[in-house]
Amino acid sequence: MRNWSYLVLVFVFAWGCQQKNDKLQNVTLQHLKWSQDILDYRITPKDSMDKDGLMFSDQGAWFAFGLQDSISPYGGFSGPFLMTQDNGIWFSKTLPNFVLKGNNGESLIDWKKDRIRQESYNSHLEAEYKNEILSVHQKLLFLSGHTALIETKITNRTDQKIPLICSTQNNLFSIGITPESTEGTIQMNSSKSKAIGYLTIDENNPSLASGDSSFYSSTTITEIKPWESKKIKVSLSFIFPEYSWEEEKHLIKTTSFDSVLQSRKKEKAIELAQLFSQQNPRFNDSKYKEVLAKAHLTLQNNWRIPAGEIKHEGLFPSYHYKWFNGFWSWDSWKHSVGLSYYDTRLAKEQIELMFDFQEENGFVADCVFRDTLIENHNYRDTKPPLSAWAVAQVFEKDNDLDFVTRMYPKLKKYHEWWYRERDHDQDGICEYGSTDGSLIAAKWESGMDNAIRFDDTEILQNSSKAFSMNQESVDLNAYLYAEKLFLASLSKALGNLKETETLKQEAEQLKAHIQQQFYDVEDGWFYDTNLEGTEFVKGEGSEGWTALWANAATQTQAEAVKSKMMDPNKFFTKVPFQTMSADHEKFNPLKGYWRGPNWLDQAYFGVKGLRNYGFNEEANQATKTIIEGASGILEKGIPIRENYHPLTGEGLNAKNFSWSAAHLIMLLTEN
């Protein structure tokens, strides 16, 4: 019941704030308006696999809903879209599909014609229908990570009593889920998932029935007095076996919809207020508040509670793309930093999720999944070492020393693993590699899968399950340099001053190597090198400014790198700081993945690198240009994308991408 406990805590906190300072709380509640319709959830799925539209989720639920589109003849909400099976699949077109009829069987509402408004917020969805006889107001929110609540308020708009027959007719897609009516509940069992669905209707004990691919409910005739309203509460749960349906059922029965709605509104408003309070003053316009609200909601929609193999809460890279329904290590570190600006609890959960998959030798898996029958965990490689950065950023926000105490030994073990398993010539400079000897996994380990710097790379064996590329990468060693300093700060917080000094000394030595080995004085750029450090692997890419992000460059080196970053023929494009220089012959954003598109994590590292060396005007200019140039970021309804075409601004690849959202938060809040 962790999610309900959290809801109660948030409600108590919000209420306490109101009692302390009504004026401040009123201002806070106004912040919810920035999330209104910030994403467009309108879709009526054509089939079970239709992913043309977006879906709303909350509280870490493994299912989501949309709003009906303009051609839909239904009331209710689109869905649910289930992430409990098949890497995301629609259960039905709409739910609950209410039918409202008079005594003679005539329809009292035309769901398509009578729809007057639909709205979405970070807290809930709602829709309203109105004609001369009735108005119907529907709202949907998430009670917990297991349950969505839908309230339908029906109002008689006439001066006469109206007889009303209310029923539901719900047809399901054929996806291996069979509905069964039992004890006033529709139970839904899946042949492809351990999650069991339950639907209840809290309205005069309606009769419920089910077929092979449908279920129905009906009530006796109800009279609605003139201008009287009646409310119907529907609950829909999808719950995994490690949770208790009996406890969830009790929660549903004893919970007021209005109280949960107010709690959700306060919860989201407070989180948005926290984000807004940390905005860089240069980016305090209303349009940037909308960007932060969109980023917040993107992270929310990708949030999942523990289930199956997953023991902590975390975020998908994108629920919208079928291969991203899992948890990746460097994605997780980036998500955590973004989350730390408004939800350190969830940020810590995300970090610990990945460290549940740390091996005894310190290695952390690349990606992990709830159900390994759908996809296997990937232990062939890890990802760039950014976990200590994430822990340090979270600790900076909430000073939770217990969390640092838990995490520090794991971080140190992971850090030492790199030098033991990924330093082929044992010279203190590491390489990317793999555990299975494959070159493709070694490229994955860099996170920049097909970057041009790996075009001629070969694989070398270090030990029985440790392999390295035959080149030393500047970004990897810049990350390791930064990690030494983050570990030193965490060690100091724990009172281990001797280890702190050792880490600082190691960092100084590594910084000297980075400045000497990876920097080409003639080109004014940082490159990978061969193992001996005698030849550069040429081709200007975003790895060239990671030394600035890590504070590992000299001021003179940073000046030279900055000049190229701000060159419109190279990196200062319509969406600046893309993954490789625009004047390179292999630059190909549409087919390149890491050979030209702008990834917002790399763009952020570039902006932060400029700030580290005092180039704040350039950093501010770049931030504005990135956000204005990337198509849809400043527009309501348009999702945040995995990456962007640096010359046209077109959004590319996956929609609703978490690390893009997390780095937008960083871009707009850091000075």
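Things to note:
- Within segment 345-366, restricting attention to residues that are farther than 16 Å from W659 by Cα and among the polar types (S, T, N, Q), the residue that is surrounded by the fewest Cβ atoms within 10 Å (Cβ to Cβ) is N361.
- Number of the exception - M55 against (1) farther than 17 Å from Q300 by Cα; (2) crowded, with 18+ Cβ neighbours inside 10 Å: (1)
- Of all residues in segment 590-600, those satisfying the criterion of being out of contact with any Lys or Arg (no Cβ under 7 Å at 6 or more places or on another chain) and either open to solvent by 10 Å² or more (accessible area, probe 1.4 Å) or among the polar types (S, T, N, Q) (or both) are L590, K591, Y593, N598.
- Subset of segment 384-409 that is of a type in the set (S, T, Y) and surrounded by 19 or more Cβ atoms within 10 Å (Cβ to Cβ) - its residue that is farthest from W333 (Cα to Cα): Y408
- When the residues of segment 195-218 are filtered to those that are farther than 21 Å from E247 by Cα and among the hydrophobic types (A, V, I, L, M, F, W, C), the one that is modelled with the highest pLDDT is F215.
- Meets criteria (under 22 Å from L346 (Cβ atoms) and not hydroxyl-bearing (S, T, Y)) for W599: no
- Residues of segment 410-422 that turn out to be over 22 Å from D343 (Cβ atoms) and either of a type in the set (S, T, Y) or open to solvent by 10 Å² or more (accessible area, probe 1.4 Å) (or both), as a count: 7
- Residue check, Y432 of a type in the set (F, W, Y) and out of contact with any strand residue (DSSP E or B) (no Cβ under 6 Å at 6 or more places or on another chain): no
- Members of segment 568-588 found to be of a type outside the set (A, V, I, L, M, F, W, C), open to solvent by less than 20 Å² (accessible area, probe 1.4 Å) and more than 24 Å from the chain's Cα centre (by Cα), listed by number: T573, S581
- Taken over segment 449-475, the criterion of being part of a strand (DSSP E or B) and either out of contact with any Cys (no Cβ under 9 Å at 6 or more places or on another chain) or farther than 12 Å from V537 by Cβ (or both) is satisfied by I459, L460, Q461, N462, S463, A466, F467, S468, M469, Q471.
- Segment 174-185 residues that are touching a residue at least 40 places away in the same chain (Cβ under 8 Å), paired with ones that are surrounded by fewer than 17 Cβ atoms within 10 Å (Cβ to Cβ) and assigned to a loop (DSSP other than H, G, I, E, B) (beta carbon under 7 Å, 6 or more apart): S174/S213; G176/S191; G176/K192
- Residue match in segment 601-609 (condition: modelled with pLDDT of 95 or more and open to solvent by 10 Å² or more (accessible area, probe 1.4 Å)): yes
- Residues in segment 113-132 that are farther than 20 Å from Q262 by Cβ and surrounded by fewer than 18 Cβ atoms within 10 Å (Cβ to Cβ): 6 in all.
- Boolean, Y613 is over 23 Å from S318 (Cβ atoms) and open to solvent by 10 Å² or more (accessible area, probe 1.4 Å): yes
- Subset of segment 111-124 (residues that are farther than 21 Å from L39 by Cα and without any contact (Cβ under 8 Å) to a residue 24 or more places away in the chain): K113, D114
- Residue satisfying all of: in segment 631-646; farther than 17 Å from W34 by Cβ and in contact with a helix residue (DSSP H, G or I) (Cβ under 7 Å, 6 or more places away or on another chain); surrounded by the most Cβ atoms within 10 Å (Cβ to Cβ) among these: P646
Residues checked against (1) under 20 Å from the mean Cα position of the chain (by Cα); (2) at negative phi:
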position: R370; (1), (2): yes, yes
position: D381; (1), (2): no, yes
position: L386; (1), (2): yes, yes
position: N399; (1), (2): no, no
position: L411; (1), (2): no, yes
position: R420; (1), (2): no, yes
position: S434; (1), (2): no, yes
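- I165 vs. criteria of a type in the set (V, I, T) and within 28 Å of N302 (Cβ to Cβ): no
The values are calculated or read from the model by the stated rules, or taken from the named source; none is laboratory data. All values derive from a computational prediction rather than experimental measurement. Cβ: placed from backbone, ideal geometry, glycine included. Neighbour counts: every protein chain shown. These accessible areas exclude ligands, DNA and RNA; they are computed on the full protein's heavy atoms, side chains included. Shrake-Rupley method; radii C 1.70, N 1.55, O 1.52, S 1.80 Å.
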